[in-house]
Amino acid sequence: MTDYHKFLPELKSMTLFQNIGDKDLIALLEVMKPEIVQKKADDRGMPPIDLEQGMFCVVLKGKPLSQLESRLDTYNMPKFGEPGMMMGEIPCLSETLKSRAPKMRFKGAPPPRPKKETFDLYMLRMSGEMLTRFYGKQYADAQGTMLRNFLGILAQKVTDVRKEKAEAVAKLEAELAPHRLHIFCAGVSMKLVKRVAEEWNKLHPDLPANVVPGGSVALIKDCISGEPCDVFISADDSIIQTMMMPKYAEGYRIWAGNKMVVTGDDINSSNWEEKLLAEDATFKHMNPYGDPGGYRAAMGFWKIPW
């Protein structure tokens, strides 16, 4: 039987096994029977890991330990060769220091890729089936805690990936911004603007139009906060005067208009008041804090002879 006691400090540093007592952790591992394997560094510094499908390894410890760096957040990704670093399909992180603990660092900085030096790794080799198999009531509490930790690890990994993707997209958009024609348009004009933008893109492929529809107020807020905007089409000219002039705009042109209407099942010009005043009548309109269609609708209700 594998002697997990030798690696108890390293096991307890992992987020996967946080908040599990020493005896309960050892008992759970002895019934789960994950293998502890040792790998030697190759010429590139990190040993190759060959895993079957569904298997993954979690680093217990490595050499040289003097180059490790503590992490201040529970779910931070482990650095190269640190306890908890995952190799395989399933992400697994580790916890070396609580967020509320004082900041501390080990001396020295970990190299980006160790070259031609002994870098022994001891790893815990596991499978998803090992984590989820039912081992009996006596292990249920410890296993339940382990599974909750595992879900937290996966949730944090998804968050990290989404954050990295959002940052990459934002960086790319910033680089492309000068090479695009950015058009903010109110929802009421969206169909027309998109049709015109398609024609524009055929004639000017070197400066493609990027159409962003939405509520006029919300779009103005995005515009004055620094979002790239070359053309702004609002459903209400008054908000251009109050929110954009003279700091963000010198003027504007009115080129179209529309009307507020009441629509619904069986509503016509002769019964619309009766329909609106019915006890079971319900109303829907756009968000008045972001769209003129919302606040104009609210204003329109005041003119109805209730």
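A short reminder: the numbers here are calculations on the coordinates, not readings from a lab. Treat the numbers as computed from the prediction; the structure is a model and nothing was measured. With ideal geometry, Cβ positions are generated from the backbone for all residues, glycine too; neighbour counts draw on all protein chains shown.
Of the trypsin sites (Lys or Arg not before Pro) in segment 249-306, which ones lie in a loop per DSSP and count no more than 15 other C-beta atoms within 10 Å? Don't jump to the answer; show the numbers that get you there.
Values: sites: R253, K259, K275, K284, R296, K303; in loops: R253, K259, K284, K303.
Sparse-neighbourhood loop trypsin sites (Lys or Arg not before Pro): R253, K259, K284, K303.
Using 0.36 nm times the number of residues separating L203 and F301, minus their current alpha carbon distance, what extension gain do you get? Don't skip to the end; give the middle numbers.
Working: separation 98, 0.36 × 98 = 35.28 nm, distance 4.52 nm.
So the chain would gain 30.8 nm between L203 and F301.
Filter the GluC sites (Glu not before Pro) in segment 214-306 to those in DSSP coil with at most 12 other Cβ atoms within 10 Å of their Cβ, and list the result.
Working: sites: E250, E273, E274, E279; in loops: E250, E279.
In loop regions of segment 214-306 (DSSP not H, G, I, E or B), the sparsely surrounded GluC sites (Glu not before Pro) are E250, E279.
Loop only per DSSP, at most 10 neighbouring Cβ atoms within 10 Å: give me the chymotrypsin sites (Phe, Trp or Tyr not before Pro) in segment 224-272, ordered by residue number. Present the calculation step by step, with values, prior to reporting the outcome.
Working: sites: F232, Y248, Y252, W255, W272; in loops: Y248, Y252, W255.
Within segment 224-272, the qualifying chymotrypsin sites (Phe, Trp or Tyr not before Pro) (loop, at most 10 other Cβ atoms within 10 Å) are W255.
What FRET efficiency comes out for A174 versus D237 if R0 is 25 angstrom and r is the Cβ-Cβ distance? Round to the nearest 0.05. Before the final figure, lay out the partial values.
Numbers: r = 31 Å, r/R0 = 1.22.
Approximately 0.25, to the nearest 0.05.
Over segment 177-301, what per residue volume does the convex hull of the Cα atoms give, in whole Å³? Intermediate results must be reported in sequence, preceding the final value.
Details: hull volume 16.5 nm³, N = 125.
Normalising the Cα hull of segment 177-301 by residue number yields 132 Å³.
Under a 5 Å amide H to amide H cut-off, with H placed in plane at 1.01 Å, what residues pair with V262 once short-range neighbours are removed?
none
For segment 177-301, give the magnitude of the charge dipole about the Cα centre (Cβ charges: +1 Lys/Arg, -1 Asp/Glu; no others), in debye to the nearest 20. Before the final figure, lay out each step's value.
Values: 12 positive and 16 negative charges, 88 e Å.
Taking the Cα centre of segment 177-301 as origin, the dipole is about 420 debye.
Among F134, F301, which comes first, second and so on when ranked by fewest other beta-carbon atoms within 10 Å? It would help to have the intermediate numbers written out before the result.
On the way: F134 8, F301 11.
Listed from fewest to most nearby Cβ atoms, that is F134, F301.
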